[in-house]
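Single-structure report; data block below.
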Amino acid sequence: MDAKRLGRLHDLGITPWVTRHGSQPAVAREPRPATPPGPAPVSLTVQSAATKDGRAAAIAAMDWTALKAAVTACTACGLRAGCTQTVFGVGDERAKWLVIGEAPGAEEDKQGEPFVGRAGQLLNSMLAAIGLKREQVYIANVLKCRPPGNRDPKPEEAELCRPFLERQIALIRPKIILAVGRIAAQNLLHTDTTIGRLRGTVHRLGDVPLVVTYHPAYLLRSPGEKRKAWADLKLAVRTAGAGA
Ligand code: SF4
């Protein structure tokens, strides 16, 4: 293990985990089939969508260009009126790993990118500890717009925004989803089970395995929990590596 990586693990409060042979938990990059060409961009005017199902179906047919434009133009749940900009997501659009958080915070709202600031730096360190650069994964949120005062998303807001995330997942076709934080995990899995109970198990979102871990903002406040986050990352590495 090089000194840089040791430093990152140290940031996580972790004694590096080394296999009997001294190797690290490798994140095998398998050749991915080319993403099939997306359909022609679909025009989506949310206000004129005949039904919720019609809106979801239109979003489900979008390619990346149309999807980004639809998110930028969306005013479906009203959160857009109170935020600076939508935060679509960032990273490798064919990534093996998809990290999903809750919603943009103040800094994300300002910069238009998820997981920036101190929590973003810790997420980068967590990824680096398993041999991944931020650019190698895709990072998105359940909500694309910042809720006022960083309040929890309302169920109806998450429901209206969900088709965008579902289309992102379908386009990326990740090998593993890392749900970061209680709100993201509960929304994705449609449950009110505590994060403590959701951790440590491989869930599924459609046909994609999903592992739950703590939000880095929580880990900054509760550094004693970093070891559990490290265990979650190792579970995700094993799951992704197994090609589940
Ligand atoms: S949070 Fe999602 S559904 Fe609500 S306005 Fe923003 S993009 Fe649209």
>> Tell me the accessible surface of Glu135 in square angstrom (1.4 angstrom probe, heavy atoms of protein chains only), to the nearest ten.
In response: 120 Å²
>> Probe radius 1.4 Å, ligands and nucleic acids left out: which of Trp97, Trp64 has the largest accessible area, and how do the rest follow?
In response: Trp64, Trp97
>> Sort Lys96, Lys110 by heavy-atom solvent-accessible area, probe 1.4 angstrom, most to least.
In response: Lys110, Lys96
> Considering amide H positions built from the backbone, and no H for Pro or chain starts, which residues 5 or more places from Leu205, or on another chain, come under 5 Å of its amide H?
Replying inline: Leu210
>> Taking the alpha-carbon distance from Lys52 and a cut-off under 15 Å, which aspartates and glutamates remain once sequence neighbours fewer than 8 residues away in the same chain are dropped?
In response: Glu156, Glu157, Glu159, Glu166
>> Let me make sure I get this right: for the stretch 66-195, a, b and c are the square roots of the gyration tensor eigenvalues over alpha carbons, sorted descending. Under 1.5 in a/c it's rounded, otherwise prolate if a/b > b/c, else oblate. Which is it?
In response: rounded
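The values are calculated or read from the model by the stated rules, or taken from the named source; none is laboratory data. In this text the structure is predicted, and so the values were computed from the model without any measurement. Protein only, heavy atoms only, side chains kept; ligands, DNA and RNA dropped before computing areas. Shrake-Rupley method; radii C 1.70, N 1.55, O 1.52, S 1.80 Å.
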